[in-house]
1. Give segment 56-77 a look and list any residue that's aliphatic (A, V, I, L, M) and open to solvent by less than 30 Å² (accessible area, probe 1.4 Å), or say none.
2. Filter segment 77-107 for residues that are part of a strand (DSSP E or B), under 14 Å from residue 36 (Cβ atoms) and among the polar types (S, T, N, Q) and give the result.
3. If you take the residues in segment 39-55 that are open to solvent by 10 Å² or more (accessible area, probe 1.4 Å) and of a type in the set (Gly, Ala, Ser), which one is nearest to residue 89 (Cα to Cα)?
4. Starting from residues that are at pLDDT 95 or above and open to solvent by 40 Å² or more (accessible area, probe 1.4 Å), keep the ones in segment 1-14 and report whichever is farthest from residue 97 (Cα to Cα).
5. Only residues that are closer than 19 Å to residue 62 by Cβ and open to solvent by less than 10 Å² (accessible area, probe 1.4 Å): list them for segment 101-124, please.
6. Given the options 80, 149, name the one that is open to solvent by 40 Å² or more (accessible area, probe 1.4 Å), touching a Phe, Trp or Tyr at 6+ places or on another chain (Cβ under 9 Å) and either at pLDDT 95 or above or not charged (D, E, K, R) (or both).
7. For the subset of segment 108-118 comprising residues that are in a strand (DSSP E or B) and of a type in the set (A, V, I, L, M, F, W, C), which member is farthest from residue 155 (Cα to Cα)?
8. So which residues in segment 143-161 are in a strand (DSSP E or B) and within 15 Å of residue 89 (Cα to Cα)?
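The values are calculated or read from the model by the stated rules, or taken from the named source; none is laboratory data. Since we're looking at a predicted model, the values are computed, not measured. Note that we place each Cβ from the backbone using ideal geometry, even for glycine, and neighbour counts take in every protein chain shown. Just the protein is used for accessible areas: all its heavy atoms, side chains included, with ligands, DNA and RNA removed. Shrake-Rupley method; radii C 1.70, N 1.55, O 1.52, S 1.80 Å.
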Amino acid sequence: LSNTWQTPIGIDGAPFTGTFDGQGHKISGFQGTGAGKFGLFGFISNATVQNFSIEGALSVTGATGTGAIGWSSSSRISNVHSSLNITINETNVHHVGGVLGSAQYKNRITGCSFSGSLTEAAGNNDCFGGVIGYMAEDTVLFCANYGTVTYVVANGSVGGIAGYLNNNGGMM
C-alpha cells in the first residue's frame, strides 16, 4: 500500500459479512491512523477472514477496537499474521491487539500471530494484547505472540496473547 489507510473494510452499521481469503499474500506498507473499530478491517460480523500477513504502522487515536482487525462478532479468523507497529499516544483507548482489537461473542481465532510492537504511552487505557486486546465468549487456538507489548502506565489489562479475558466462557 502506498497511501494512508483511512476507511477500514467494514464499519459500524455496515460490517464486513463475507469471506476474505488472502491466499497467503502479504500486505506491506500499511500506514493507518484511526479511532475505534479501525484497522485493515474495522468491523466484521459473521465473516471469515483468513490467510494473509500485514506489516506497517498503525497509530491509534481513541475509542475501542483496533488492530489488523478492529472488532469482530461471531466470525472466524485464521492464519492472520501481523507485524504492525502499533502506537497509542492518546488516552481513553481500549481493546487494542496486534491481530484483533475486540472479540465480541462467539469468534474462533486460530493459527494467528503477532511479531510487531504495541506501545502504550499515555495512560487511562486498557485491554492490550499481542494477538487480541479483549475477548469474551470466544475461542483462541494455536496463536502466538513473537512481538513486544509495552505498557508504560500500569493501570489497565495487558497480555502477550490476550490483554483481557472476560469470564463469560472464553477459551484459550
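1. Narrowing segment 56-77 to residues aliphatic (A, V, I, L, M): 57-58, 60, 63, 68-69, 77.
Result: 58, 60, 68, 69, 77.
2. 102
3. So the residue we want is 53.
4. Top of the filtered list is 14.
5. So in segment 101-124, the residues closer than 19 Å to residue 62 by Cβ come out as 101-102, 104, 118-124.
101, 102, 118, 120, 123, listed by residue number.
6. Criteria check complete, one pass: 149.
7. Just the residues of segment 108-118 that are in a strand (DSSP E or B), to begin with: 108-110, 113-114, 117-118.
Remaining after also requiring of a type in the set (A, V, I, L, M, F, W, C): 109, 114, 118.
Numbers: 109: 27, 114: 23, 118: 16 Å.
Of everything passing the filter in segment 108-118, 109 is farthest from residue 155 (Cα to Cα).
8. Taking segment 143-161 as the starting set, the residues that turn out to be in a strand (DSSP E or B) are 144-145, 148-151, 158-159.
149, 150, 151 - these are the residues of segment 143-161 that are in a strand (DSSP E or B) and within 15 Å of residue 89 (Cα to Cα).
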